[in-house]
Amino acid sequence: MMPRSGDLPFNSLDAIKKVRQPLLILHGQDDAQVPWRMSKLLYDEAEEAGASPALKRQFFPGEGHHIDDAKMLEAVYAFRAGLASGAGKAGA
């Protein structure tokens, strides 16, 4: 069961609505510490609030809490390249 936002010591679901910078959410789908569905909730909240001018999420099948560095850096570089090209909203 997912915690309700009021049960969290830091309310990420409320805080994400205030983000005004480009936002890339990366998550390993086999993360045993933080369920990947939590990052999906964050993404959905940010998207609904229209908070970030560029918003993207990427899940990594087979990855846990510590995503392979090469895979993570590839995703970050691709996101940055999209921003630099003026692509605007990076997408899901």
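Look at the range 63-76: where a residue is closer than 15 Å to LEU24 by Cα and a partner is in a helix (DSSP H, G or I) and open to solvent by less than 70 Å² (accessible area, probe 1.4 Å), sitting 6+ places away or on another chain with Cβ atoms under 9 Å, you get ILE67/ALA75. Give me the residue from the range 44-92 that is open to solvent by 70 Å² or more (accessible area, probe 1.4 Å), part of a helix (DSSP H, G or I) and under 11 Å from PRO22 (Cβ atoms) and, out of that set, modelled with the highest pLDDT. Per the criteria, the residue is ARG80.
For ASP30, the test of being in contact with a Gly (Cβ under 9 Å, 6 or more places away or on another chain), without any contact (Cβ under 8 Å) to a residue 60 or more places away in the chain and more than 20 Å from PHE79 (Cβ to Cβ) is passed. Return yes or no: is HIS27 of a type outside the set (S, T, N, Q), touching a strand residue (DSSP E or B) at 6+ places or on another chain (Cβ under 9 Å) and open to solvent by 70 Å² or more (accessible area, probe 1.4 Å)? When the stated conditions are applied, HIS27 does not pass them. Candidates are the residues of the range 30-43 that are in a loop (DSSP other than H, G, I, E, B) and not aliphatic (A, V, I, L, M); the one that is most open to solvent (accessible area, probe 1.4 Å) is GLN33.
The values are calculated or read from the model by the stated rules, or taken from the named source; none is laboratory data. Here the structure is a predicted model, which means the values were calculated and not measured. No Cβ is skipped: glycine too gets one built from the backbone with ideal geometry, and neighbour counts run over all protein chains shown. Surface areas here come from the heavy atoms of the whole protein model, side chains and all, with no ligands, DNA or RNA. Shrake-Rupley method; radii C 1.70, N 1.55, O 1.52, S 1.80 Å.
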